[in-house]
1. For the range 91-111, what are the residues that are without any contact (Cβ under 8 Å) to a residue 40 or more places away in the chain, within 14 Å of Val49 (Cα to Cα) and of a type in the set (A, V, I, L, M)?
2. Identify, from the list Gly83, Gly104, Gly152, the residue that is modelled with pLDDT under 95 and not basic (Lys, Arg).
3. Does Thr72 meet the test of being outside the structural domain of Gly9 (by TED's automatic domain parsing), at pLDDT 95 or above and within 15 Å of the chain's Cα centre (by Cα)?
4. Restricting attention to the range 118-146, report how many residues are out of contact with any helix residue (DSSP H, G or I) (no Cβ under 8 Å at 6 or more places or on another chain) and either surrounded by fewer than 17 Cβ atoms within 10 Å (Cβ to Cβ) or part of a loop (DSSP other than H, G, I, E, B) (or both).
5. Tally the residues that are out of contact with any helix residue (DSSP H, G or I) (no Cβ under 9 Å at 6 or more places or on another chain) and crowded, with 16+ Cβ neighbours inside 10 Å, restricting the search to the range 11-25.
6. Just the residues that are part of a strand (DSSP E or B), in contact with a strand residue (DSSP E or B) (Cβ under 6 Å, 6 or more places away or on another chain) and charged (D, E, K, R), please, taken from the range 1-37.
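The values are calculated or read from the model by the stated rules, or taken from the named source; none is laboratory data. Quick caveat: nothing in here was measured; it's all calculated off a predicted structure. Counting neighbours? That spans all protein chains shown, and the Cβs are built from the backbone with ideal geometry, glycine included.
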Amino acid sequence: MSIALKVNGKDHSVDVDEDIPLLWVLRDVIGLTGTKFGCGIAMCGACTVHLDGQAVRSCVTTVADAAAYEITTIEAIGETEEGARIQQAWLAEEVVQCGYCQSGQVMSATALLVLNPEPTDSDIDAVMAGNICRCGTYPRIRAAIKRAAGQGGQ
């Protein structure tokens, strides 16, 4: 079945089953490998992308469900104001260790700043709780989000 998608501002037509997870279409069909597979059950956040600016887990979102939305992946998040600020703050706070979870972390953090430009620690914890970091960089993630929000670093 041919499904039309708009990913990172570009139109794509993919010939896949409508119930295939968006994650695999992004990675294996379109070739955008920045979105990672982690758990496959929407518990770790590594596969987070935006549908019309809202953070969703692409491992449990079907390609048919995503087709109605503008899809943004980590490859294009830096083109948004909030995404660019988050990426710059990530570097300034030296968040990344192994890096595997970071695309999902950045996508969730960016969606947070779009909805709440001045998040409290509680706001950050609530939104980012669905993103697991095996390296435990949570304090640096919070500091980076606060920096991107103009609230300083640690």
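1. Hits for the range 91-111 are Val106, Ala109.
2. Answer to the check: Gly152.
3. So Thr72 does not fit the description; no.
4. Within the range 118-146, residues that are out of contact with any helix residue (DSSP H, G or I) (no Cβ under 8 Å at 6 or more places or on another chain) and either surrounded by fewer than 17 Cβ atoms within 10 Å (Cβ to Cβ) or part of a loop (DSSP other than H, G, I, E, B) (or both) number 11.
5. Qualifying residue count for the region: 1.
6. Residues satisfying the conditions are Lys6, Asp15.
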